[in-house]
1. Failed condition for residue 29, given (1) among the acidic types (Asp, Glu); (2) assigned to a strand (DSSP E or B); (3) under 19 Å from residue 10 (Cβ atoms), with all others met?
2. Within the group 120, 99, 59, which residue is at pLDDT below 85 and either closer than 30 Å to residue 10 by Cβ or not aromatic (Phe, Trp, Tyr) (or both)?
3. Going through 72, 23 one at a time, which residue ends up being under 23 Å from residue 8 (Cα atoms) and surrounded by 13 or more Cβ atoms within 10 Å (Cβ to Cβ)?
4. Given the criteria touching a Lys or Arg at 6+ places or on another chain (Cβ under 9 Å), under 29 Å from residue 10 (Cβ atoms) and not assigned by TED's automatic domain parsing to the domain that holds residue 33, does residue 79 qualify?
5. Which members of the range 81-92 meet the condition of being touching a Gly at 6+ places or on another chain (Cβ under 9 Å) and farther than 20 Å from residue 46 by Cα?
6. Does the range 71-83 contain any residue that is part of a loop (DSSP other than H, G, I, E, B), touching a Ser or Thr at 6+ places or on another chain (Cβ under 7 Å), closer than 19 Å to residue 113 by Cβ and at pLDDT 90 or above?
Amino acid sequence: MSDEHPLTLYCGGKGNGKIWCDVCEVELDPSKWFFACSDCEVALHVQCALGDFSRLMPGKLYTFGERECEVVLNNLYTRPFCSHCRSRCKAPVIFKENGKDNGYICSLSCLSSYLCIDFGPPQFTEI
């Protein structure tokens, strides 16, 4: 997403019709927190807006066994494909395996499967 308007955090709205997330294209539950811009008519799940790696510093390197991955911003108009699930990386912060042209990883579950490491369930707190 690259809009000029700020997103507003909403919860408990009672609108007419269904609201769909513009990132994952899954219906939003208006009784749970979500981001939206009424000017652009954009709505996003909180997790879709932030991504699994949102708390990691871009440019930081992580080593997983023999593999070294860098935290990178995913802010170009053409989104790379994830090396594991083969879908477009939609999150704003992703991993890129060093030494590979297309070694992008879009989520914690893809990173876990790609590296054959069990990181356990993601620890997210609902606002």
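The values are calculated or read from the model by the stated rules, or taken from the named source; none is laboratory data. Quantities reported herein were computed from a predicted structural model and do not represent experimental measurements. Cβ atoms come from the backbone with ideal geometry, glycine included; neighbour counts cover every protein chain shown.
1. Only one criterion is unmet by residue 29, namely (2).
2. Working: 99 fails: at pLDDT below 85; 59 fails: at pLDDT below 85.
Criteria check complete, one pass: 120.
3. Values: 72 fails: under 23 Å from residue 8 (Cα atoms).
None of the others qualify; the one that does is 23.
4. Details: touching a Lys or Arg at 6+ places or on another chain (Cβ under 9 Å): yes; under 29 Å from residue 10 (Cβ atoms): yes; not assigned by TED's automatic domain parsing to the domain that holds residue 33: yes.
When the stated conditions are applied, residue 79 passes them.
5. 83
6. no
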